[in-house]
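The values are calculated or read from the model by the stated rules, or taken from the named source; none is laboratory data. These numbers were taken from a predicted model, which means no experiment stands behind them. As a convention, Cβ positions derive from the backbone with ideal geometry for all residues, glycine included, and neighbour counts pool all protein chains shown.
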There are 6 protein chains.
Amino acid sequence: MGSDRKFLVINPNSSARMTEDIRKTVDTADISADVICMEKSPEVLETFADYTVAGCNMLRYIENNDPFLKKYSGVLIACYGDPGLYPLKERLDIPVIGIAEASMSMALLSSHKFSIIAAVPKAKAMMENMVSQYGLNGRLASVEALDCPILEFMKAPEKLVSAVEESLERAFLHGAETAIYGCAGMTMLRDMNFSHRVSILDPVSAGLYQLEALVKSGINMSRAGLYQKEVM
Amino acid sequence: MGSDRKFLVINPNSSARMTEDIRKTVDTADISADVICMEKSPEVLETFADYTVAGCNMLRYIENNDPFLKKYSGVLIACYGDPGLYPLKERLDIPVIGIAEASMSMALLSSHKFSIIAAVPKAKAMMENMVSQYGLNGRLASVEALDCPILEFMKAPEKLVSAVEESLERAFLHGAETAIYGCAGMTMLRDMNFSHRVSILDPVSAGLYQLEALVKSGINMSRAGLYQKEVM
Amino acid sequence: MGSDRKFLVINPNSSARMTEDIRKTVDTADISADVICMEKSPEVLETFADYTVAGCNMLRYIENNDPFLKKYSGVLIACYGDPGLYPLKERLDIPVIGIAEASMSMALLSSHKFSIIAAVPKAKAMMENMVSQYGLNGRLASVEALDCPILEFMKAPEKLVSAVEESLERAFLHGAETAIYGCAGMTMLRDMNFSHRVSILDPVSAGLYQLEALVKSGINMSRAGLYQKEVM
Amino acid sequence: MGSDRKFLVINPNSSARMTEDIRKTVDTADISADVICMEKSPEVLETFADYTVAGCNMLRYIENNDPFLKKYSGVLIACYGDPGLYPLKERLDIPVIGIAEASMSMALLSSHKFSIIAAVPKAKAMMENMVSQYGLNGRLASVEALDCPILEFMKAPEKLVSAVEESLERAFLHGAETAIYGCAGMTMLRDMNFSHRVSILDPVSAGLYQLEALVKSGINMSRAGLYQKEVM
Amino acid sequence: MGSDRKFLVINPNSSARMTEDIRKTVDTADISADVICMEKSPEVLETFADYTVAGCNMLRYIENNDPFLKKYSGVLIACYGDPGLYPLKERLDIPVIGIAEASMSMALLSSHKFSIIAAVPKAKAMMENMVSQYGLNGRLASVEALDCPILEFMKAPEKLVSAVEESLERAFLHGAETAIYGCAGMTMLRDMNFSHRVSILDPVSAGLYQLEALVKSGINMSRAGLYQKEVM
Amino acid sequence: MGSDRKFLVINPNSSARMTEDIRKTVDTADISADVICMEKSPEVLETFADYTVAGCNMLRYIENNDPFLKKYSGVLIACYGDPGLYPLKERLDIPVIGIAEASMSMALLSSHKFSIIAAVPKAKAMMENMVSQYGLNGRLASVEALDCPILEFMKAPEKLVSAVEESLERAFLHGAETAIYGCAGMTMLRDMNFSHRVSILDPVSAGLYQLEALVKSGINMSRAGLYQKEVM
């Protein structure tokens, strides 16, 4: 890149396999970044309890690694629930974004309505809640659940491929124009071509490029309101 | 009460003073409950980082106190940001509610529009975000910030009283019919009478009675969707 | 209860059978209340004309029974359309709530999205309109119509049971986590256990306990704005 | 008009003066219509109790005057709260509209955002609630209260004029492009010219012409859903 | 009509056939109007590119025909995408409305929820976007696509009739009470009776009568805000 | 950049001065792009008529320059009203974004609520309408008008600077965390530092980087739904 800009990509879970898949996406992209995972977090994050633990681990990590973090220009949280997003935006002096918010921001530009492909029904409810918190219901076509836990499809990618294929048509019938993979683990399908007119968006790639855009713009997390660092 | 129903009230911060004030409200109410605080949490919770730590502490607490918790019929989280609410709803086998969601639920019945009285501008943004996540924007008149950090007004209650007084008129001008104290610490004003036609609601009392209503109804946290315990 | 708190439960229609079923729910609950019906109202309330007549009857009733009403601490209107709710909130000096608003308030605490089980398609449209007026669309999963008029299912409860069973699955597919019986008459199913992960909420019980919570909190109908008694 | 089309305009209150003012507006318009009032209703309608009584009176009126009503092609309810609107739409075999819904429908065509000029603060809350029920919040700029009860300004029209003048600027600052008189009684200002760039809309005239448009189109109240006559 | 009021109806495309069908609707209605089409526009308008060209043609037309336009009291744009609506509202000194906005305004009075019958899936997305821009999502049941391009059904009206028939039931299942033809070309079905309880609304007739209502009311496009003619 | 990626930046108006300012922003950014303007468009775009003409000019331009456009990887429309956005997204085979939608997408990542700084009150109404069409009202704090036409402040940048300064405080009081310059011409303030805690975002820079992010992601305009090229 010719720039000395470097990002930190945090996989908030402890799966070596998923961390590796995220690293491959980083390598494919024209982005300089380190990828780490949170070793004390669960292997996959599927519940609010998992998110809470992962959020806490990330918060502790940044508090303990202050000098180390100085070399980074931005942080990407690579889990589709955006765990720990608000506290990290609040705490760090550099831009922090999550792959969920980043991929939705990008989908707004490629389409009017997007769907999210979630692993399981519980994730569907969790993502609808998140989209509502982000105030983006007006652009959401649907969340489509694959009925397949993350760990299982990581073992059987071909099963995932056919489940995604079917979900694209359901998303289309709900009005989707773009479908976003609702899990960092699905980044392994990054280069897969599905012959459906609904576009597919890998949130890890989207997150990397959105972070780069933000950093190049010189925009940091606003210190007015929600992400204010200290009270008053 | 004649019933053997007992609740657990968790103050997610470590302030002995605030815990004591909450306990006084519990004593005044006709409710049997134990009040505990999270000793490893910050003294007041004012940032997302504070919420994350407090959420994690509560989660660890319930995981370590399984037998002890068996004697309770329900849990009330007594902090107006509802920290740790979703993971605790998900994990525990008994009803769990937060004072923010509970007081809003009650305000829906006493008025068409409610305002929340927040301590500081950052809290205003945090509460607007929470109300949006709860899908209740259509009933929110405003969040009014007092421009006074929680610790300060705990030291100078008379300052708090006059700040609340002024905020009631601002809330009224924004269309509020009921104003909710946006901090568990304000429960110390529980019996204060303000001569304003906007009604005032103490969220700790509201939370206790809403929890009792829920438990008497025999309704538990739904296990479909958002609060599903396990994936699939 | 040890308290001298007593409520008035008004069934706005004239059905002795439905009044009896409501009374049974009151008896089961740990609540002291009188149950009356409006003898000049239609036997069931299924149209806006029915609601108008019932609302008028209730208004006349409270105007003619001022001294008698003094012994009550609160009023529950037990019809899922909440007929006469706003004028009674406005007129009476004690808290007045309807079973529709009360059950939705409670469902907000047990789940993110709720569905309402309505008797017939017209009721479905009426309830969607009501939810919109209450500003709660963001929490509504769906209104499911049973295609069975109230009078008919009162004669054939077993038909109602199987219709409800089917509607639970439809509600779940629409994202519901809690389903509310959309008719006071369905309170006769109060103790029925349906083996579906969507929770069921009886609005008469919910209304009784929500009214109790409100009264214990010492909160009355706000006199600012919508429920102001007199003009200026 | 050359047509034998005739409308019935119902003033739901009992004010002879207001009925007369409405009749003058009808005469000015190129519309054939009878104007009646409900003699057993209050002189002005300012509370939900007033609306309930007026709605009941109108319902009884149409039930008792079936043959008489046969000569009309449509009904206009001339009170800005649209009392009795839904039951009359449901019951009558001809189009029924209210001046509130009709004037908003027209304002949608002349501007992006409209404000309503209400007499008093309570009316402001009532109208915001009505706009929300009609699903038109996205087009509402504000409801501006004049702080002057209807009866008073009917006695002192010059006071009304200056209050309206001031409210136009407030409405403009809230983003209004059109302001609607929020009371049938204000139709007496029908021909008044205010030198403000916010347009003014008299809801009685708007209602008459919208009713004519509907009737000429041959469109009746839909019998699917909300205004279905009978259940199933 | 006895009045010297005359309207200009602009078919923004160049189809002689569709212009003729629109003229027939005008003749049937009791309205005095000239119907013109834009000869340099595409034969049908199905894309945003088509809309842009048509909008530009109409703008140029009104700029070149200033004296000629003086004889009209209002303008109706007769294409369901309302192309060129905002610039014409802004520029002309007389009321200008589009058949899409006008028919929705009318449907608000005959029903709580309406559906739009669109020719093809792309039109469905375009109309949902338009309804969102108009802030009327709360009243929209659905947009139903017929999967039949406009030109094709103009050649085979019987095919259109059966496609409309099927779409009415789909609209009903989505909660529609009124269905609006989402294309000026469908005005040829103006007098067709479909035996479905969902009402049907021809937007060309609705537009003519709504324009008449607006003009009779003496209301022009507001010059505050969106349709302001000049800047400052 | 080391890449042969090149963008086309279209200034839809004919101002040489504004085109030059945009070019300077492009040069400052690490982006390879040609900047052109539409010579037959008005000097500034302030009305819907201006937008229509500009949109038509851009459409004609891309139709006449097909081979020339082949060398670009993406197009940025550099006017804050996003004129011609939908038709160009629909027509071109490469990603097309507008600076309004792009800057809002970026503001979603740096803050919860953003304000837009518009030149004049009419622009305020136009932008509120646009934000509503984009479904982003939930994230909009306010549009602040400077009461200064574009041409004037281009002549007196110091006047613009002080007007922006004042608007930042108004935006903050409306809850804004980030303020976006609502005019491509304001890009000349790109490097100006305002000492206010509300962040400022230059939409031209944001647009360039968001376009780069989109193109690097390999995401094109979706061909399902709104931006479908041909009908069926």
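Considering only residues that are assigned to a helix (DSSP H, G or I) and touching a helix residue (DSSP H, G or I) at 6+ places or on another chain (Cβ under 7 Å), look in segment E:7-35 and name the one that is nearest to the other protein chains (Cβ to nearest Cβ).
Looking only at segment E:7-35, we keep the residues that are assigned to a helix (DSSP H, G or I), and these are E:16-28.
Now restrict to residues that are touching a helix residue (DSSP H, G or I) at 6+ places or on another chain (Cβ under 7 Å): E:17-18, E:21-22, E:25-26.
Working: E:17: 18, E:18: 16, E:21: 17, E:22: 15, E:25: 11, E:26: 13 Å.
So, considering only residues that are assigned to a helix (DSSP H, G or I) and touching a helix residue (DSSP H, G or I) at 6+ places or on another chain (Cβ under 7 Å), the one nearest to the other protein chains (Cβ to nearest Cβ) is E:25.
Scan segment C:192-232 for residues that are closer than 27 Å to residue C:120 by Cα and without any contact (Cβ under 8 Å) to a residue 24 or more places away in the chain and report the count.
Total satisfying the criteria: 2.
In segment A:1-16, what residues are more than 16 Å from the chain's Cα centre (by Cα), more than 15 Å from residue A:95 (Cβ to Cβ) and at pLDDT 95 or above?
Within segment A:1-16, A:16 is the sole residue that qualifies.
Among the residues of segment C:143-202, which ones are away from chain B (no Cβ under 14 Å) and part of a loop (DSSP other than H, G, I, E, B)?
Matches in segment C:143-202: C:146, C:147, C:148, C:149, C:156, C:182, C:183.
Does residue F:77 fit the bill of being more than 30 Å from residue F:4 (Cβ to Cβ) and surrounded by 22 or more Cβ atoms within 10 Å (Cβ to Cβ)? First the steps, then the outcome.
Numbers: more than 30 Å from residue F:4 (Cβ to Cβ): no; surrounded by 22 or more Cβ atoms within 10 Å (Cβ to Cβ): yes.
No.
With free of Cβ contacts under 8 Å to residues at least 12 places away in the same chain and more than 15 Å from the chain's Cα centre (by Cα) as the only criterion, which of F:90, F:158 stands out? Even if it seems obvious, please write down each step before you answer.
On the way: F:90 fails: free of Cβ contacts under 8 Å to residues at least 12 places away in the same chain.
After applying the criteria, what remains is F:158.
In segment E:141-174, which residue that is among the hydrophobic types (A, V, I, L, M, F, W, C) and closer than 15 Å to residue D:224 by Cα is surrounded by the fewest Cβ atoms within 10 Å (Cβ to Cβ)?
Initially, segment E:141-174 is screened for residues among the hydrophobic types (A, V, I, L, M, F, W, C), giving E:141, E:143, E:145-146, E:148, E:150-151, E:153-154, E:156, E:160-161, E:163-164, E:168, E:171-173.
Subsequent filtering for residues that are closer than 15 Å to residue D:224 by Cα retains E:141, E:168, E:171-173.
Numbers: E:141: 24, E:168: 22, E:171: 28, E:172: 20, E:173: 11.
The qualifying residue surrounded by the fewest Cβ atoms within 10 Å (Cβ to Cβ) is E:173.
Output the residue which, of all residues in segment B:21-37 that are within 15 Å of the chain's Cα centre (by Cα) and among the hydrophobic types (A, V, I, L, M, F, W, C), is surrounded by the most Cβ atoms within 10 Å (Cβ to Cβ).
B:22
Go through segment E:47-72 and count every residue that is among the hydrophobic types (A, V, I, L, M, F, W, C), away from chain F (no Cβ under 14 Å) and free of Cβ contacts under 8 Å to residues at least 40 places away in the same chain.
Number of matching residues: 1.
Charged (D, E, K, R), under 30 Å from residue E:228 (Cβ atoms) and part of a helix (DSSP H, G or I): which single residue out of D:101, D:63, D:90 fits that description? It would help to see each step written out before you state the result.
On the way: D:63 fails: under 30 Å from residue E:228 (Cβ atoms); D:90 fails: under 30 Å from residue E:228 (Cβ atoms).
One residue alone meets the criteria, D:101.
For segment A:66-81, give me each residue that is among the charged types (D, E, K, R) and part of a helix (DSSP H, G or I). I'd like the intermediate steps shown before the answer.
Kept after step one, since they are among the charged types (D, E, K, R), are these residues of segment A:66-81: A:66, A:70-71.
Of everything in segment A:66-81, just one residue is among the charged types (D, E, K, R) and part of a helix (DSSP H, G or I), namely A:66.
Can you confirm whether residue D:103 is polar (S, T, N, Q) and buried (at least 24 other Cβ atoms within 10 Å of the Cβ)? Steps first, please.
On the way: polar (S, T, N, Q): yes; buried (at least 24 other Cβ atoms within 10 Å of the Cβ): yes.
Criteria met by residue D:103.
Considering (1) within 13 Å of chain E (Cβ to nearest Cβ); (2) under 30 Å from residue C:153 (Cα atoms), say which one residue D:231 fails and leave the rest.
Among (1) within 13 Å of chain E (Cβ to nearest Cβ); (2) under 30 Å from residue C:153 (Cα atoms), residue D:231 violates only (1).
Show the residue pairs meeting these rules: Cβ distance below 6 Å; 6+ apart or different chains; first residue within segment C:18-41 and in contact (Cβ under 8 Å) with a residue 24 or more places away in the chain; second residue outside any strand (DSSP E or B) and among the basic types (Lys, Arg).
Close Cβ pairs satisfying both conditions: C:25/C:190; C:32/C:6; C:35/C:23.
Of the residues E:52, E:19, which is polar (S, T, N, Q) and touching a strand residue (DSSP E or B) at 6+ places or on another chain (Cβ under 7 Å)? First the steps, then the outcome.
Values: E:52 fails: touching a strand residue (DSSP E or B) at 6+ places or on another chain (Cβ under 7 Å).
Only one candidate qualifies: E:19.
Any idea which of (1) of a type in the set (S, T, N, Q); (2) within 8 Å of another protein chain (Cβ to nearest Cβ); (3) not in a loop (DSSP other than H, G, I, E, B) is the one residue F:220 doesn't satisfy?
Among (1) of a type in the set (S, T, N, Q); (2) within 8 Å of another protein chain (Cβ to nearest Cβ); (3) not in a loop (DSSP other than H, G, I, E, B), the lone unmet condition for residue F:220 is (3).
Residues that are touching a Ser or Thr at 6+ places or on another chain (Cβ under 7 Å) and surrounded by fewer than 24 Cβ atoms within 10 Å (Cβ to Cβ): does segment D:63-73 have at least one? Write out each step before concluding.
Residues of segment D:63-73 touching a Ser or Thr at 6+ places or on another chain (Cβ under 7 Å): none.
No: segment D:63-73 contains no residue that is touching a Ser or Thr at 6+ places or on another chain (Cβ under 7 Å) and surrounded by fewer than 24 Cβ atoms within 10 Å (Cβ to Cβ).
Return the residues of segment A:199-226 that are in contact with a Lys or Arg (Cβ under 9 Å, 6 or more places away or on another chain) and of a type in the set (A, V, I, L, M, F, W, C); say none if nothing qualifies. Spell out how you get there, then give the answer.
Of the residues in segment A:199-226, the ones in contact with a Lys or Arg (Cβ under 9 Å, 6 or more places away or on another chain) are A:199, A:202, A:204-205, A:208-209, A:212, A:215-216, A:221-226.
Answer for segment A:199-226, where residues must be in contact with a Lys or Arg (Cβ under 9 Å, 6 or more places away or on another chain) and of a type in the set (A, V, I, L, M, F, W, C): A:204, A:208, A:215, A:221, A:224, A:226.
Do you know which residues across segment C:59-81 are within 19 Å of residue C:103 (Cβ to Cβ) and over 14 Å from the mean Cα position of the chain (by Cα)?
Step one: filter segment C:59-81 for residues within 19 Å of residue C:103 (Cβ to Cβ), giving C:74-81.
Listed by number, the list holds a single entry, C:74.
Condition test on residue B:118, is it of a type in the set (A, V, I, L, M) and within 30 Å of residue D:128 (Cβ to Cβ)? First the steps, then the outcome.
Values: of a type in the set (A, V, I, L, M): yes; within 30 Å of residue D:128 (Cβ to Cβ): yes.
Spelling it out, residue B:118 is indeed of a type in the set (A, V, I, L, M) and within 30 Å of residue D:128 (Cβ to Cβ).
Out of all the residues in segment D:97-142, which are under 15 Å from the mean Cα position of the chain (by Cα), aliphatic (A, V, I, L, M) and within 14 Å of chain E (Cβ to nearest Cβ)?
Of everything in segment D:97-142, those that are under 15 Å from the mean Cα position of the chain (by Cα), aliphatic (A, V, I, L, M) and within 14 Å of chain E (Cβ to nearest Cβ) turn out to be D:97, D:99, D:100, D:102, D:104, D:106, D:107, D:130, D:131.
What pairs can you find where one residue is in segment D:110-130 and under 27 Å from residue E:211 (Cα atoms), the other is aromatic (Phe, Trp, Tyr) and assigned to a strand (DSSP E or B), and their Cβ atoms are less than 6 Å apart, with a gap of 6+ or different chains?
D:117/D:181
Please go through (1) touching a strand residue (DSSP E or B) at 6+ places or on another chain (Cβ under 9 Å); (2) crowded, with 21+ Cβ neighbours inside 10 Å; (3) more than 10 Å from every other protein chain (Cβ to nearest Cβ) for residue E:210 and return the number of the only condition it doesn't satisfy.
Condition (3) is where residue E:210 drops out.
Is there a residue in segment A:38-46 that is closer than 28 Å to residue B:90 by Cβ, in a helix (DSSP H, G or I) and at the interface with chain B (Cβ under 9 Å from one of its Cβ atoms)? Don't jump to the end; show me each part of the working.
Filtering segment A:38-46 for residues closer than 28 Å to residue B:90 by Cβ gives A:38-46.
Subset that is in a helix (DSSP H, G or I): none.
Looking through segment A:38-46, none of the residues is closer than 28 Å to residue B:90 by Cβ, in a helix (DSSP H, G or I) and at the interface with chain B (Cβ under 9 Å from one of its Cβ atoms).
Please go through (1) touching a strand residue (DSSP E or B) at 6+ places or on another chain (Cβ under 7 Å); (2) acidic (Asp, Glu); (3) over 23 Å from residue B:89 (Cβ atoms) for residue B:27 and return the number of the only condition it doesn't satisfy.
(1)
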